[in-house]
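Each reported figure results from applying straightforward, stated rules to the coordinates on display, with no laboratory input. Note that the structure is predicted; figures quoted are calculated from it, not measured. Cβ placement follows ideal geometry from the backbone for every residue including glycine, while neighbour counts extend to all protein chains displayed.
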Amino acid sequence: MDKIRIQGGIPLKGKVVLSGAKNAALPIMSAALLTDGWVTLSNLPALRDIQTEKKLLSFLGASFEEGPEASLRINSSKIQRMEAPYDLVKTMRASILVLGPLVARFGRARVSLPGGCAIGARPINLHLKGLELMGARIDLKHGYVEAKARQLQGAEIVFDIPTVTGTENLMMAACLAKGKTIIGNAAKEPEVVDLANFLTAMGAKIEGVGTDIITIHGVSHLHPTPYRIMADRIEAATYMTAAGITGGEITLVNYDGSCLETVMGKLREAGLEFSQKKTGLTVHGPQKIKSVSLTTRPYPGFPTDMQAQFMALISLGQDTSLIKETIFENRFMHVSELRRMGADIQVSGNQAVIKGVSRLLGAPVMATDLRASASLVLAGLAADGTTEISRVYHLDRGYEGLEKKLLPLGARIERIKE
């Protein structure tokens, strides 16, 4: 396994080109199952999860053609299997997103239950209840979901809580269902909007996307289309935080900060400043970081996927901060590693109290999940001395070439083989 070694204390300065959003790309790749012919996707990030999705679609019978500049063509005209096996699903929970498209187009699917994950259980019961309301017969056998339906029917579905993958799965399924489907308490995340825009480009009829009530009028078929994946807002916010924690200045090329109003608001409270130009958004780090409290919430609230990175930032705050995590029950695993670097953080239940310290110190630390990995990189960039981060394969699931993008900014960072 690889490690990342960082010599900290350098203010980062320069430009960064953002990659496509993994959390938009994965459902959009699954949505290619809804149509025959070649779907051309551009701005795909080069990530492990994208490769896993390709393996899954290939197992089902899809074919691929690699294109220039991070583009990929997908053809689902010869799907032979209706099963997502455990060996693939266990490595990437987003594999569940083939369930809706397979049932909608082919009338059946067999998908392994994803189970829990490092940051907490993420049950799919809301997906299954929605499909049952649409007329699917659902059986749970030997660790698999088996779903069958001659023809999905439009239905009114109200989620108990907003669920991103649940909204995406049922929205895809409803595109080929007979009649009208209404999804209440739907997720509003920008990645859900990006999927809906792709489906609409293929001929779907969707209204209310971006609100908590989405209406889908089923159509008989969808047609292939080219589509460009949105920029990764979590990657953007991570580089914003990198500018803040190092007191640097980073320009996000051709980015306008859209979808990040809440995060940028909290970063401003911490002392960061932003300037928008035609070439992109420039982030100016402060001389001293201010302490800021926050609560994670579904979009448009503060994203749980930025909680760990923001905690690294405010560990250098001038006072005391409070972070309340309301999305996942086990998303403070990075705390013990930040403590190894000198952070003063106390956790009680779903709350963390962060007392700002004057400096962090480099130390050997271990990544526990994707966003925890990013928080340790940020801490290492600001710390005095050397930080070595092990188990960085988590990073490769969500950040394309992180160390390669940080090097031109002045970071002293390298990937080494253990």
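Shape class for segment 24-228, computed from the alpha carbon gyration tensor (a ≥ b ≥ c): rounded, with a/c under 1.5. For segment 23-84 versus segment 315-365, the inter-centroid distance based on Cα atoms is 38 Å. With the cut-off at under 12 Å, measuring from each backbone N in segment 36-50 to a point 7 Å along the Cα-to-Cβ line of S77 picks out 36-39. Using the Cβ-Cβ distance between Q287 and Q351 with R0 set to 35 Å, the FRET efficiency from 1/(1 + (r/R0)^6) comes to roughly 0.75. Using C-alpha pairs below 8 Å separated by at least 6 residues, the relative contact order for the chain is 21 percent. Within the chain, DSSP assigns beta bridges of which about 75% are antiparallel (rounded to the nearest 5). With the convex hull drawn over the C-alpha atoms of segment 168-246, the volume per residue is 87 Å³.
In the chain, helical runs assigned H by DSSP with n ≥ 4 each contribute -39500 (n - 2.57); averaged across all residues and rounded to the nearest 500, the mean residue ellipticity at 222 nm is -8500 deg cm²/dmol. The residues T296, T386, when put in order of fewest to most other Cβ atoms within 10 Å, stand as T386, T296. Under 16 Å between alpha carbons, and skipping anything fewer than 8 positions from K404 in its own chain: which aspartates and glutamates qualify? Cross-link targets: D2, E235, D396, E414. Between V164, V192, V283, find the one with the highest GNM mean-square fluctuation for the chain; connect C-alpha pairs within less than 10 Å. Ranking V164, V192, V283 by mean-square fluctuation puts V164 first. Comparing mean-square fluctuations of G184, G143, G271 from a GNM of the chain with C-alpha springs under 10 Å, the top value falls on G143.
Sparsely packed loop sites in segment 267-358 (the GluC sites (Glu not before Pro) outside DSSP H, G, I, E and B with at most 13 other Cβ atoms within 10 Å) comprise E329. For segment 32-46, putting each phi into the Karplus relation 6.51 cos²θ - 1.76 cosθ + 1.60 with θ = phi - 60° gives couplings of 4, 5, 7, 9, 7, x, 8, 9, 10, 10, 10, 6, 7, x, 8 Hz, in residue order, rounded to whole numbers and with x for Gly and Pro.
Normalised by residue number, the volume inside the convex hull of the Cα atoms of segment 2-50 is 108 Å³ per residue. Sorting F159, F332, F59 from the fewest to the most surrounding beta carbons within 10 angstrom yields F59, F159, F332. Ignoring aspartates and glutamates fewer than eight residues from K278 along the same chain, the ones with Cα atoms less than 13 angstrom from its Cα are D256.
Under 30 Å between C-alpha atoms is the cut-off here; go through segment 1-113 and count lysine pairs that meet it, provided they're at least eight residues apart or on different chains. For segment 1-113, qualifying lysine pairs total 16. Working note: Cα atoms of the chain, range along each principal axis, descending, whole Å: 64, 45, 42.
Taking Cα centre as origin and charging only the Cβ of basic (Lys, Arg, +1) and acidic (Asp, Glu, -1) residues, the dipole magnitude of the chain rounds to 340 debye. For segment 175-319, the Cβ-based charge dipole about the Cα centre amounts to some 260 debye (Lys, Arg positive; Asp, Glu negative; other atoms uncharged).
Across segment 325-418, how large is the tail of the calculated P(r) beyond 19 Å, expressed as a percent of all Cα pairs? It works out to 42 percent of all Cα pairs. Would you pull out the residues with amide H under 5 Å of A177's amide H, same chain only if 5 or more places away, H placed 1.01 Å from N? Residues meeting the criterion, in which the H sits 1.01 Å from N, are V219. Would you list which aspartates and glutamates come within 17 Å of K178, measuring only between C-alpha atoms, while excluding same-chain residues fewer than 8 positions from it? Straight-distance partners of K178: E132, E156, E207.
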